[in-house]
Amino acid sequence: TADDLRCSGCGVPIQTESPDRLGYAPAAALKKEPALCQRCFRIKHYNEISSVTPNQDDFLKILSGIGRTESLVVHIVDLFDFEGSLINGLHRFVGHNPVVLVVNKIDLLPKAINVNRILNWVQKQVKEHGLKTAEIVLCSAKKNIGFDRVVEAIAGHRGTKDVYVVGATNVGKSTLINRLIGDYSDLEAELTTSPYPGTTLDLVQIPLDDGRHIIDTPGIVYAHRLTELADKRDLQKLLPDKPIKPAVFQLNEKQTLFFGGYARFDFTQGARQSFTCYMSNALPIHRTKLERAEELYAEHKGEMLSPPAKEGLDAIPPLTKHAFRIPKGSSSEVLISGLGWIAINSDAGAQIVVHAPKGVKVAVRDSLI
Ligand code: GDP
């Protein structure tokens, strides 16, 4: 019977009555050996960790819980949306526990960019945000770049402690964790993970060979990232999956760029100069005159200016303005969180206005590239 059966993945007692409760397996599935609960079955066969997205309060509770443990915290951020995906005030939550910062998606930057330059830039940003890190590692979970360094850093800093993995949604946390599980056999020397994670309190726990765990926490939802506000059907277009080919525009003052219909960039004042857009190449960019911009948007949003498509328009907050003055002789980037950034190497200075859906973080920063 199912009564004394335990899941060979996570060890919970198997039950066949309620799909919503822990340990559920369809009765028919139990004819096969070894017995797996549905959750472990999914993780094993679809190589996919599905975690429910809790609300912000629950997430903060989980984070604060980490502060009461002795553990290593692995914070994954997305290089494509660094400021948007950094957890603000992480130390308030995780207390004195050491933090390894894993900067993911480095495969998206154009090939010619020097890794040390990125690392220096990240170090500077981290300092400005008041985050103290035991180590910073750059990687691409998807393209398997730098993954061995991630494993080394985790193994090196955890001692004999548990490891909590934290991050915003869409930073590649699942991809990285799946790689940790999937590649476990090659990593034996560093970190032995089990291919059968279990779950406790909605946290996915991957057993390590010393009885400790790597604990995956739910992705935190930041409403200031365009990727959270955007129509889910547009995510594929917004999240680049190949190295970004920057799009360079020579603009005169009073010219405008539309990024689909999701955002708009006005060069309001300054000498003719170039603006380099680092965004998903699946997102069409339209150039127009500033004086034509309002009308163009009103007439063509959802069509020529898409994504979002017409059906999705109502769900997107209205565009609001952010004005910036780029100083003379500076090399800056204007980040639109979740969309990408526009690089401005300005000899003569520039006045710009960015229009982005209300709530989306827009900021000027020192240039990464
Ligand atoms: P999670 O929400 O943090 O668990 O993120 P996922 O692992 O589901 O990844 C979110 C999106 O980012 C997916 O479209 C992934 O394919 C993509 N992704 C994850 N890691 C990388 C990476 O290293 N490089 C690139 N280019 N995309 C990645």
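The values are calculated or read from the model by the stated rules, or taken from the named source; none is laboratory data. Keep in mind that this is a model prediction, so the values were computed, not measured. Using ideal geometry, Cβ is built from the backbone for each residue, glycine included, and neighbour counts are taken over all protein chains shown.
Among the residues of segment 350-367, those identified as more than 20 Å from the chain's Cα centre (by Cα) and under 11 Å from F324 (Cβ atoms) are A350, Q351, I352, V353, V354.
Quick check on segment 19-31. Is at least one of its residues within 16 Å of the ligand (Cβ to nearest atom), part of a helix (DSSP H, G or I) and either surrounded by 12 or more Cβ atoms within 10 Å (Cβ to Cβ) or modelled with pLDDT under 80 (or both)? Taking every residue of segment 19-31 in turn, none turns out to be within 16 Å of the ligand (Cβ to nearest atom), part of a helix (DSSP H, G or I) and either surrounded by 12 or more Cβ atoms within 10 Å (Cβ to Cβ) or modelled with pLDDT under 80 (or both). Taking first residues from segment 93-115 that are polar (S, T, N, Q) and partners that are within 16 Å of the ligand (Cβ to nearest atom) and outside any loop (DSSP other than H, G, I, E, B), the Cβ contacts under 6 Å between residues at least 6 apart in sequence or on separate chains come to N97/V73; N104/I76; N104/D78.
Need pairs with beta-carbon distance below 7 Å; first residue assigned by TED's automatic domain parsing to the domain that holds V100 and within segment 161-178, second in a helix (DSSP H, G or I) and within 6 Å of the ligand (Cβ to nearest atom); sequence gap 6+ or separate chains. Note: pairs meeting the criteria are V165/K173; G167/K173. Filtered by the rule that a residue be farther than 21 Å from P243 by Cβ, touching a strand residue (DSSP E or B) at 6+ places or on another chain (Cβ under 9 Å) and of a type in the set (V, I, T), segment 107-157 gives V126, T133, I136, I154. Here the condition is being among the β-branched types (V, I, T) and more than 13 Å from the ligand (Cβ to nearest atom); of V115, V150, V137, it holds for V115 alone.
Can you spot a residue in segment 86-95 that is in the same structural domain as L176 (by TED's automatic domain parsing) and modelled with pLDDT of 95 or more?
Yes: one or more hits.
All conditions in (1) under 24 Å from the mean Cα position of the chain (by Cα); (2) in contact (Cβ under 8 Å) with a residue 60 or more places away in the chain hold for F267, with the sole exception of (1).
Yes/no matrix, rows are residues, columns are (1) in a helix (DSSP H, G or I); (2) among the hydrophobic types (A, V, I, L, M, F, W, C):
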{"residue": "N88", "(1), (2)": "no, no"}
{"residue": "R92", "(1), (2)": "yes, no"}
{"residue": "V102", "(1), (2)": "no, yes"}
{"residue": "P110", "(1), (2)": "no, no"}
{"residue": "V126", "(1), (2)": "yes, yes"}
{"residue": "L131", "(1), (2)": "no, yes"}
{"residue": "I136", "(1), (2)": "no, yes"}
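Return a yes/no flag: does segment 309-327 have any residue that is aromatic (F, W, Y) and farther than 20 Å from K124 by Cα.
So in segment 309-327, the residues aromatic (F, W, Y) come out as 324.
This time we only want the ones that are farther than 20 Å from K124 by Cα, so: 324.
There is at least one residue in segment 309-327 that is aromatic (F, W, Y) and farther than 20 Å from K124 by Cα.
There is at least one residue in segment 239-247 that is among the small types (G, A, S) and away from the ligand (no atom under 16 Å from the Cβ). When T175 is tested against (1) part of a helix (DSSP H, G or I); (2) among the polar types (S, T, N, Q); (3) on the phi > 0 side of the Ramachandran plot, exactly one condition is not met: (3). Would you confirm whether any residue within segment 312-326 is under 13 Å from Y262 (Cα atoms), in a strand (DSSP E or B) and touching a Leu at 6+ places or on another chain (Cβ under 7 Å)? So far as segment 312-326 goes, no, none of its residues is under 13 Å from Y262 (Cα atoms), in a strand (DSSP E or B) and touching a Leu at 6+ places or on another chain (Cβ under 7 Å). When residues in segment 327-355 are screened for being touching a Leu at 6+ places or on another chain (Cβ under 6 Å) and exposed (fewer than 15 other Cβ atoms within 10 Å of the Cβ), 0 of them pass.
Take the residues in segment 202-220 that are farther than 19 Å from V99 by Cβ and acidic (D, E), then tell me which one is surrounded by the most Cβ atoms within 10 Å (Cβ to Cβ). Going through the qualifying residues, I end up with D202.
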